[in-house]
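Report on one structure; see the data block that follows.
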Amino acid sequence: MKLTQTIILGSLIFLSGSLFSMHHENTPESVAEAWVKAGQTGKQEAIDFVTKHMAADGINAPGRYVGFGFTYNPDAEPGTMVVAGIQPDSPASKVLKVGDAFLSVNNVRVNERNMGKLNFRGKPGEEVKAVIERDGKRKNISVARGVISTSYTKEQVLRNMNSAVAENWKPDEANIVEVMSKDNIVYVLHWAKDTDQVSGLPYEAYTVTRFVFNEEGLVERIGNLSEDRFVLEQQGYTISR
């Protein structure tokens, strides 16, 4: 769904070399600002920039969440959910395999209309029953939600970026609010307004992205905190027991 894409890709916002050259100095602040501005540019520009400015052993660590611990490409085929990646040591790693296709989650069918109603998120430890298709056969599974602390290598970051749809990359509106730094750590506060692909409704939110640079001036770690709940509430979703 677009929200997932926003959470996962919103922490990986970049800028092309041509725009980066507008900065007079190759400082951590200028690189971090360029990284964030790239989300307002385009897919290929972003890929080119991260290839050049992320350390080979760099890590992207999005915010924690409660869920299964798998990823899928929401743009591959609208209305479907096929497992594309599994977080090691997550609840999903004990049950799911790459290529599994979800058919229903807690008796809610997986289709384009219901993508925002599948309750993978919720209280840790609660069992979620689902039906998947594996190797052409239907299979009933049960997964207990857990706390997921994801991390992606540079190779995984680039793979995720390449799988994204270019026309869905750019938000409707966006700007940088503030850039602050201390030593090799830079914080960028930025804002964006976009339209969710599932609900068709607009939303806006602030995100704080934290960059850590190595001695060579390359990004060795990046993470972010975003207003995930606020994004959902703007589309009419509620949190209930």
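Looking at the stretch 1-109, the helices (runs of 4 or more DSSP H) lying wholly inside it that each contain 1 or more residues that are modelled with pLDDT of 80 or more and surrounded by 21 or more Cβ atoms within 10 Å (Cβ to Cβ) sit at 28-37, 43-53.
Yes or no, residue by residue, for (1) farther than 20 Å from Thr80 by Cα; (2) in a strand (DSSP E or B); (3) hydrophobic (A, V, I, L, M, F, W, C):
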| site | (1), (2), (3) |
| --- | --- |
| Leu158 | yes, no, yes |
| Met161 | no, no, yes |
| Pro171 | yes, no, no |
| Val186 | yes, yes, yes |
| Ala192 | yes, yes, yes |
| Ser199 | no, no, no |
| Ala205 | yes, yes, yes |
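Among the residues of the stretch 110-139, those that are under 14 Å from Ala92 (Cα atoms) and either among the polar types (S, T, N, Q) or out of contact with any Asp or Glu (no Cβ under 9 Å at 6 or more places or on another chain) (or both) comprise Phe120, Arg121, Pro124, Gly125, Glu126, Glu127, Val128, Lys129, Ala130, Val131. Being under 22 Å from Arg221 (Cα atoms), touching a strand residue (DSSP E or B) at 6+ places or on another chain (Cβ under 7 Å), of a type in the set (A, V, I, L, M, F, W, C) and modelled with pLDDT of 95 or more is the requirement here; does Val179 meet it? When the stated conditions are applied, Val179 passes them. Within the stretch 162-176, being modelled with pLDDT under 90 and of a type in the set (A, V, I, L, M) holds for Ala164, Val165, Ala166. Within the stretch 207-232, the set of residues being under 20 Å from Arg121 (Cα atoms), touching a residue at least 12 places away in the same chain (Cβ under 8 Å) and not in a strand (DSSP E or B) comprises Glu227, Asp228, Phe230, Val231, Leu232. If you scan the stretch 31-56, which residues turn out to be under 19 Å from Asn175 (Cα atoms) and among the charged types (D, E, K, R)? Matches in the stretch 31-56: Glu33, Lys37, Lys43, Glu45. Against the conditions (1) surrounded by fewer than 18 Cβ atoms within 10 Å (Cβ to Cβ); (2) assigned by TED's automatic domain parsing to the domain that holds Val157, Tyr203 satisfies every one except (1). Scanning the stretch 127-156 for residues that are more than 16 Å from the chain's Cα centre (by Cα) and either on the phi > 0 side of the Ramachandran plot or assigned to a loop (DSSP other than H, G, I, E, B) (or both) yields Asp135, Gly136, Arg145.
The values are calculated or read from the model by the stated rules, or taken from the named source; none is laboratory data. No experiment lies behind these values; they were computed from the predicted model shown. Neighbour counts run over all protein chains shown; Cβ positions are idealised from the backbone, glycine included.
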